[in-house]
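First comes the structure, then the notes that go with it.
The values are calculated or read from the model by the stated rules, or taken from the named source; none is laboratory data. Please read all numbers here as calculations on a predicted model, not as lab measurements. Note that we place each Cβ from the backbone using ideal geometry, even for glycine, and neighbour counts take in every protein chain shown. When the accessible area is computed, the model is the full protein with side chains, heavy atoms only, and any ligands, DNA or RNA have been set aside. Shrake-Rupley method; radii C 1.70, N 1.55, O 1.52, S 1.80 Å.
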Amino acid sequence: MGNPKGVKRDFLALEKRRFEAMRLLDQGLNQSETARRLKVSRQTVSEWRRQYQRQGAAALRRAGRKPLLNAAQRERLVTLLLEGPEAHGFPTPLWSCPRVARLIGDEFGVDYHEGHVWKVLRGLGWSPQRPVSRARERNEEAIRTWKRKTWPGVNKKPAPKAARFSSSTKAD
């Protein structure tokens, strides 16, 4: 199901919850009551118990995939991104997911799929942006003049019309 927006996964708390489930089961509580107390599904408790019986405590310590970049590397990545793509050999000043994936691979030796990089960027507080496209020949002064002088005349509302009339289509 994932975490609520902005909430980071607490691996230690998740691990404690799995061990708490085993403790409650050892006290004689059934899976349903254990699940209710820990606010998880009964099937989850069943899966934890099965893994614990097969692999022992080590199975409960796994808390999903940990991030490939640690906190220091993520901070360094932000610094590199702020330097701009041109500082890293890219021809244009626009970051794209493939470029960021390549930067992460070159700098940290970590391979992210370019389709996943947006999650890393979002975790860093970055959001997708689109460059503003403007014509090179754009004449700002002519635009200002048009907006001040021409547009007000074009934008005027039409004069009110005479009262509407209607005719009945019903037979008399």
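Here are the numbers for the structure shown:
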{"read-out": "Pairs with Cβ under 9 Å, 6+ apart, first in the stretch 130-149 and free of Cβ contacts under 8 Å to residues at least 40 places away in the same chain, second assigned to a loop (DSSP other than H, G, I, E, B)", "value": "PRO131/PRO93; PRO131/LEU94"}
{"read-out": "Failed item, numbered, when LEU121 is tested on (1) open to solvent by less than 40 Å² (accessible area, probe 1.4 Å); (2) closer than 30 Å to ALA35 by Cα", "value": "(2)"}
{"read-out": "Tally, over the stretch 85-117, of residues that are assigned to a helix (DSSP H, G or I) and surrounded by fewer than 15 Cβ atoms within 10 Å (Cβ to Cβ)", "value": "6"}
{"read-out": "Filter pass, VAL78 being open to solvent by less than 100 Å² (accessible area, probe 1.4 Å), in contact with a helix residue (DSSP H, G or I) (Cβ under 9 Å, 6 or more places away or on another chain) and either modelled with pLDDT of 90 or more or not in a loop (DSSP other than H, G, I, E, B) (or both)", "value": "no"}
{"read-out": "Test: residue in the stretch 51-68 that is touching a Phe, Trp or Tyr at 6+ places or on another chain (Cβ under 6 Å) and more than 30 Å from VAL120 (Cβ to Cβ)", "value": "no"}
{"read-out": "Residues of the stretch 124-149 satisfying the condition of being among the β-branched types (Val, Ile, Thr) and assigned to a loop (DSSP other than H, G, I, E, B)", "value": "VAL132"}
{"read-out": "So ARG54, is it assigned to a helix (DSSP H, G or I) and closer than 16 Å to LEU14 by Cα", "value": "no"}
{"read-out": "So SER133, is it open to solvent by 50 Å² or more (accessible area, probe 1.4 Å), within 29 Å of the chain's Cα centre (by Cα) and at pLDDT below 85", "value": "yes"}
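Here's the yes/no breakdown for (1) over 28 Å from PRO131 (Cβ atoms); (2) among the aliphatic types (A, V, I, L, M):
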position	(1), (2)
MET22	yes, yes
SER41	yes, no
ALA72	yes, yes
GLY89	no, no
